[in-house]
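Only the coordinates and a few stated rules stand behind these numbers; no lab work does. Everything quoted here is computed from the prediction, not taken from an experiment. Don't worry about glycine lacking a Cβ; one is built from the backbone with ideal geometry, like all the others, and counts go over all protein chains shown.
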Amino acid sequence: MIRTRIAYIRLTSCSGCQLTLLNCEEELARVGELFEPVRFEMLSSAADDGGPLAAVLVEGSAARPEEVQRLLDLRRRSRWLVAIGACALSGGVNRLVDDRQGEHCAAVYAGVCTGRNMFPPQSIDHFVAVDLCIPGCPPEPQEILGALLALQRGTLPGFLREHAVCMECRQRENLCLLLERKLPCLGPVTRGGCNARCPSIGIVCEGCRGYADQPAREEQAHLLRDLGLSERQVRERMGRFTGGNHETP
Ligand code: SF4
Ligand code: SF4
């Protein structure tokens, strides 16, 4: 069988997204049968041959010129480009860095990274066309596997949920952290598909899957203000995983 040529690259990220895929131990053998990882640092030491690709999967946000260059090179070589995880989609937690990032970076990674060549982390769609987004921090393993199978068949998957996390949370009959415990849960405006993973163990939804379809953002902002969050806190909380690409109330 001719295997589908793919690359997986990591920009500024924690590697959590690719670990999610590599942790799918039962499915990995099948993935290996179907795909040739031309470039996938945590999976294969094979050198990239520079040839055409069916798909490149990108984890992380772009924060350095050489990362942008890598993105552009792989975009030119690949039929599909898939953004995996919140960092790639919105900048993710990397966007929490402040204006002194270069200073912090130089202090922590002296001699390795001076920070001089870094810019504020950006979602990858600022630089290249993205064919498919797989949300989450990290994404759900089944969504990554489902996307791979679709790409192998030459199509794009249509699995993304449009409803909010609250729907899945209520189906699981969880206590509502927002209404009953007065905690700043973002489930009402966040895209479902995670089966309310965090609220089900008593942790508020941080919104890592981005906005659901037609999110009631004003109403969510009012609820957060009612809990005592300042305007700035509301803006930061609701903008953390929306990358500034979406206006926040
Ligand atoms: S999206 Fe989350 S898990 Fe994936 S690289 Fe970014 S911080 Fe890590
Ligand atoms: S805990 Fe959060 S996700 Fe669950 S129903 Fe309440 S607001 Fe929605």
With Cα atoms, 0 to 90° folded angle of helix 65-77 axis to the chain main axis = 60
Most exposed first by the Cβ proxy, i.e. fewest other Cβ within 10 Å, how do Val189, Val108 rank?
-> Val108, Val189
How many percent of DSSP beta bridges within the range 4-152 run antiparallel, rounded to 5?
-> 10
Pairwise FRET efficiency - Arg172 versus Asp226, Cβ, R0 = 25 Å, nearest 0.05 = 0.50
Name the residue, out of Ala46, Ala221, Ala196, whose mean-square fluctuation peaks in a Gaussian network model built on the chain with Cα pairs under 10 Å.
-> Ala46
What is the order of Arg76, Arg39, fewest Cβ neighbours within 10 Å to most?
-> Arg76, Arg39
For Gln69 and Leu28 in one chain, what is 0.36 nm times their gap in residues minus the Cα-Cα distance, to one decimal in nm?
-> 11.8 nm
Counting only residues 5 or more apart in sequence or on a different chain, those whose built amide H sits under 5 Å from that of Arg64 are Phe119
For the chain, alpha-carbon Rg and Dmax in angstrom = 19.0, 60
Rounded to 5, the percent of DSSP beta bridges in the chain classed as antiparallel | 15
Search the structure for amide H atoms under 5 Å from the amide H of Phe35, placed 1.01 Å from N in the peptide plane, and list their residues when 5 or more places away or on another chain.
-> Thr4
Can you tell which of Leu11, Ala83, Met118 lies farthest toward the positive end of the dipole of the range 4-152, using +1 and -1 charges on the Cβ of basic and acidic side chains (Lys, Arg; Asp, Glu)?
-> Met118
Among Met167, Met1, Met238, what is the fewest-to-most ranking by other Cβ atoms within 10 Å?
-> Met1, Met167, Met238
Find the Rg to Rh ratio for the range 152-249, where Rh is the Kirkwood radius over alpha-carbon pairs and Rg uses the same atoms.
-> 1.01
Based on the Cβ-Cβ distance from Phe127 to Thr155, what FRET efficiency comes out when R0 is 25 Å, to the nearest 0.05?
-> 0.50
Whole-Hz ³J(HN,Hα) from phi, Karplus 6.51 cos²θ - 1.76 cosθ + 1.60, for the range 32-47, glycine and proline x | x, 5, 8, 10, 9, x, 5, 8, 6, 4, 7, 10, 8, 9, 4, 7
